[in-house]
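Note sheet for the following structure.
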Amino acid sequence: MTDIVWHQHAIDQAARAGQKGQNPVLLWFTGLSGAGKSTLAGALEHALFAAGFHTYLLDGDNVRHGLCQDLGFSAEDRDENLRRVGEVAKLMVDAGLVVLSAFISPTREERDGIRAKFPQGQFIEVHVSTPIQVCEARDPKGLYLKARSGEIKDFTGISAPYEAPLAAELTIDTSKGDLATQVQALLDYLTAIQVIGTKTETADKLTALA
């Protein structure tokens, strides 16, 4: 690939971000199936969108309908699935967006590989640390039941390992507290690191749109 070079556009990430009034980042929600990753990421996106920020949510099931529809669930295919998602997220962050992604992403190596694609501070790992007993009791897709019966092989948390983050920027257990409080903790963090405006400014936007 020596003949391929990155084309630097006249309008760069800083210009796109300035137009949107935000600092682009990737929030990477990781955790077991049923932990509440998609619910939490979706609720955060709703709050950000309502406050006038520019976002996009990448969900594990959705990307397999198109971008990754040719991939299965072998270890190699799951690695490639996440590699593609990381590259798409990188382009979206370059476009100035606040990108949210919800993927089990069971290994630290996978997650650290995606982190390495971004400058310091632009990758925010959110460990949705809900205990497996709670995840299995929820079992929204019936996957744990199938895994326990042997119908699904190499299922994360049952027959395949999940490596919890060692130093995630945020850790949220969705079995504790309510969704609104959990979303507020995320908003407070994004405000503190200046991804979005001050808490007062964001609250004012949400109030005006309520």
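The values are calculated or read from the model by the stated rules, or taken from the named source; none is laboratory data. Model, not experiment: these values are computed from the prediction. With ideal geometry, Cβ positions are generated from the backbone for all residues, glycine too; neighbour counts draw on all protein chains shown. SASA here: full protein model, heavy atoms, side chains in, ligands and nucleic acids out. Shrake-Rupley method; radii C 1.70, N 1.55, O 1.52, S 1.80 Å.
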Task: Highest-fluctuation residue, Val183, Val98, Val63 considered, GNM on the chain with Cα pairs under 10 Å - done: Val63
- [ ] Give me the distance in nm between label points sitting 7 Å out from Cα along the Cα-to-Cβ direction at Asp3 and Ser159, one decimal.
- [x] 4.6 nm
Open item on the list: If R₀ is 41 angstrom, what is the calculated FRET efficiency for the pair Asp12 and Ser74, using the beta carbon separation as r and rounding to 0.05?
Closed with: 0.60
Task: Furthest towards positive pole of dipole, Gln120, Phe103, Cys135, structure part the range 94-139, Cβ charges - done: Gln120
Open item on the list: What is the percent carbon and sulfur in the accessible area of the range 28-148, measuring with a 1.4 Å probe over the protein chains and ignoring ligands?
Closed with: 55 percent
Open item on the list: Please report the equivalent ellipsoid semi-axes of the chain, computed as sqrt(5 x eigenvalue) of the Cα gyration tensor, largest first, in whole Å.
Closed with: 29, 24, 14
Task: Overall dimensions of the range 5-107 by Cα: Rg and Dmax, Å - done: 14.7, 43
Open item on the list: Exceeding 32 Å between C-alpha atoms, which entries from my cross-link table qualify? They are Lys20/Lys176; Lys90/Lys146; Lys37/Lys153; Lys117/Lys146.
Closed with: Lys20/Lys176; Lys90/Lys146; Lys117/Lys146
- [ ] Measure off 7 Å from each Cα along the Cα-to-Cβ vector at Asp173 and Ala116, then give the distance between these two points in nanometres to one decimal.
- [x] 3.3 nm
- [ ] Report, in debye and to the nearest 20, how large the dipole of the chain comes out about its Cα centre when Lys and Arg carry +1 and Asp and Glu carry -1 on their Cβ.
- [x] 300 debye
- [ ] Hand me the trypsin sites (Lys or Arg not before Pro) from the range 99-193 located in a DSSP loop with no more than 14 other Cβ atoms within 10 Å, in residue order please.
- [x] Lys141, Lys153, Lys176
Task: Solvent exposure of the chain as accessible area per residue, Å², 1.4 Å probe - done: 54 Å²
Open item on the list: Running a GNM on the chain with Cα contacts under 10 Å, which residue among Gly31, Gly60, Gly18 ends up with the highest mean-square fluctuation?
Closed with: Gly18
- [ ] Give the Debye-formula value of log10 I(q)/I(0) at each listed q (0.14, 0.24, 0.27 Å⁻¹), with one equal scatterer per alpha carbon of the range 123-194, two decimals each.
- [x] -0.57, -1.10, -1.22
